[in-house]
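The values are calculated or read from the model by the stated rules, or taken from the named source; none is laboratory data. Note that the structure is predicted; figures quoted are calculated from it, not measured. Cβ atoms come from the backbone with ideal geometry, glycine included; neighbour counts cover every protein chain shown. Quick note on the areas: whole protein, heavy atoms, side chains included, nothing else; ligands and nucleic acids left out. Shrake-Rupley method; radii C 1.70, N 1.55, O 1.52, S 1.80 Å.
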Amino acid sequence: MTSPARLLIVGPQGSGKGTQGARIAGALGIPAVSTGDVFRANITAGTPLGEQVKAITAAGNLVSDELTGKIVRDRLSEPDAASGFLLDGYPRNIRQVRDLDEFLGGRGESLDAVIELSVPRDESIARLALRAKEQGRTDDTDEVIAKRLAIYESETAPILDVYRERGIALRIDGVGSLDEITERITTALAARGIVRSAAV
């Protein structure tokens, strides 16, 4: 890595962004900051935040911008994120893009690259249905899956236009084996000088 990497990975539910994000962050030695992981940990621990989030997500809705933003800002202020980070799940809409810009700008920082995992809608639905069956996730009903994908398409997909205009969006084919997709991502990052080689 030539310098601290500040990355964002974006993709619809079922795109594998959580898995790929963890792989890339591990390869670069930076923390993967996943809002979903933070929320799920609180739900498992039965915290007040967890109970609040559980009720919201069970209905297929998203946690508020204010609450999500506070959690992310707190996490990015921890020492291990000073040398870079990989965001997963935030920002998820234009307002959150502005909030992140303001936060990073206040530290003299900005995102280096945005990894866009491109996966057909049918593929996302099939993966989520399989995950729900394998993990017994009661929140992944057909109705909730469809609602989440609709929210992604209407609210989150537009943020990619912002990052494309800035010239930092990297569109990656998200269909294939885990290793194939990881290699595509690292190759794209290497072309930007963010990693020294495409090897993981």
Report Lys54's accessible area, 1.4 Å probe, all protein chains in place, as a number in Å² to the nearest 10. 110 Å²
By per-residue mean of other Cβ atoms within 10 Å, what is the highest-first order of 28-39, 96-107? 28-39, 96-107
Could you tell me the calculated FRET efficiency between Arg98 and Glu153, based on Cβ-Cβ distance and R0 = 22 angstrom, to the nearest 0.05? 0.60
Which residues' amide hydrogens lie under 5 Å from the amide hydrogen of Ala113, considering only partners 5 or more residues apart or on another chain, with H built in the peptide plane? Arg6, Leu8
On the accessible surface of the chain, probed at 1.4 Å, how many percent belong to carbon and sulfur atoms? 52 percent
GNM flexibility winner over the chain from Ile145, Ile71, Ile125 (Cα, springs under 10 Å): Ile71
Separation in nanometres of the label points that stand 7 Å from Cα toward Cβ, at Ser64 and Thr138: 2.6 nm
Would you mind getting the accessible area per residue of the chain, heavy atoms of the protein chains only, 1.4 Å probe, in Å²? 49 Å²
With N residues in the chain, Rg(alpha-carbon) / (2.2 N^0.38 Å) equals 0.99
